[in-house]
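To start, the structure itself, in structure tokens.
The values are calculated or read from the model by the stated rules, or taken from the named source; none is laboratory data. Since the model is a prediction, treat every value here as computed from it, not as a measurement. Cβ atoms come from the backbone with ideal geometry, glycine included; neighbour counts cover every protein chain shown. Heavy atoms of the whole protein, side chains included, go into the accessibility calculation; ligands, DNA and RNA do not. Shrake-Rupley method; radii C 1.70, N 1.55, O 1.52, S 1.80 Å.
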Amino acid sequence: MVQQESSVSSMLQRVSAECVSRTESTPVPSQAIKPSFWSLPGFGAGASVLTAFGHVPIELLRLGDPIKTRGGEFFKVKHVDAVRLDRRFLLTHPEAQPIAIPKNGLDANIPNQTTLVSSRQKIRAPSQFSRTIGKTASYYVGRGCIARKYHGYFTYHVFHCGKPCTVNVNGLWVDLEPATLESPD
């Protein structure tokens, strides 16, 4: 019995040694790492959107709600969505992690509360109101206390009004562009 266990053990050691040597000598084909790009705009829960009936948390917006635009007009919400990202996705796509813009991070009372936003969301800082379009949130990282805030799980709330417009979210003027939500197919 002892001799049988010994022979099984030595056989396992021999097989193990062969596996190691084969593994070391077999070249592993290199795989090209594809860069990942995050393109979805959006906001974290709790961001307040200026509507005809006051500020409404973004997660409570409904189709047809009238949103006040920078020009003073009211456009109806044509699309709402919640995009939930899990830990695996966020680990493999760090650019999808939200950016935290602290209260007063861009100017006095702008934004009026800490705001979690996608790096691809276009924002207009007070000094950029005259520009045709805002800059993406990633542009502001490193300015003041604006930085990525890493999460294990995160949900982006996305909406648009059917045509490009600029709306107020937490005191920030942000550009909504329906084309950014269209499928590339």
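For the peptides 78-85, 42-49, residues were scored by their other Cβ atoms within 10 Å and the scores averaged per peptide; the highest-first order is 42-49, 78-85. Extension gain, R62-F74: 0.36 nm per intervening residue step, less the Cα-Cα distance, totals 2.9 nm.
Close amide-amide hydrogen proximity is noted between Q113 and N104, each under 5 Å apart and 5 or more residues distant or on a separate chain (H modeled in the peptide plane; Pro and chain starts excluded). Put a dot 7 Å past the Cα of H93, heading toward its Cβ, do the same for E177, and the two dots end up 1.8 nm apart. Between amide H atoms placed 1.01 Å from N, distances below 5 Å from W173 occur with R124, all of them 5 or more places distant or on a separate chain. The simple spin-label model puts a point 7 Å past each Cα toward its Cβ; for R84 and H55 those points are separated by 2.8 nm. With a simple spin-label model that places each label point 7 Å from the Cα along the Cα-to-Cβ direction, the separation between N112 and T155 comes to 2.4 nm.
Using a probe of 1.4 angstrom and keeping all protein chains present, the accessible surface of region 69-185 works out to 53 square angstrom per residue. Split the accessible area of region 82-185 by element, probe 1.4 Å, and carbon with sulfur accounts for 51%.
Where a ≥ b ≥ c are the square roots of the eigenvalues of the C-alpha gyration tensor, would you call region 46-174 rounded, which needs a/c under 1.5, or, failing that, prolate if a/b is larger than b/c, or oblate? Since a/c reaches 1.5 but b/c is at least a/b, the shape of region 46-174 is classed as oblate. If only the Cβ of Lys and Arg carry +1 and only the Cβ of Asp and Glu carry -1, the dipole of region 45-185 around its Cα centre is close to 280 debye.
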